[in-house]
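The values are calculated or read from the model by the stated rules, or taken from the named source; none is laboratory data. Predicted model only: the values in this text are computed from it and were never measured. So basically every Cβ, Gly included, is an ideal-geometry build from the backbone, and we count neighbours across all protein chains shown. Surface areas here come from the heavy atoms of the whole protein model, side chains and all, with no ligands, DNA or RNA. Shrake-Rupley method; radii C 1.70, N 1.55, O 1.52, S 1.80 Å.
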Amino acid sequence: MAQRAGHEQFLKLLEEHKKILFKIANSYCHGPADREDLVQEMVMQLWRSFGRYDARVRFSTWTYRVASTSRSRSTGMRLGDRARRCWTSKRCWR
């Protein structure tokens, strides 16, 4: 029951702050597929980290911090490295 409440709380907070994720993804990737992949990776990292979220910190600040420092599971690169790869990829400019 507590886990379900935590899941519902996470989804509520995520819905309220989802623009942060899209802002980060839009600044790193220009292709819709890459943006969607990046948002999905950030959401997964946020969910994995949610148990360590400290409610004394604004959720928006925590979201930005976790999302911007998350690693891509598929490449093992920091988000900044993925951004550089995405920026130079022809796939991102479609």
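Tabulated results
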item: FRET efficiency for THR69 and ARG4, using Cβ-Cβ distance with R0 set to 35 Å, rounded to 0.05; result: 0.80
item: Net length gained if the chain between GLU36 and GLU16 were fully extended (0.36 nm per residue, minus Cα distance); result: 5.4 nm
item: Fraction in percent of alpha-carbon pairs per bin - 10 Å, the stretch 2-46; result: 28, 46, 20, 5
item: Surface accessible to a 1.4 Å probe, SER49 within the full protein complex, Å²; result: 10
item: Whichever aspartates and glutamates have a C-alpha closer than 16 Å to that of LYS18, once near sequence neighbours (fewer than 8 apart) are set aside; result: GLU8, GLU36, ASP37, GLU41
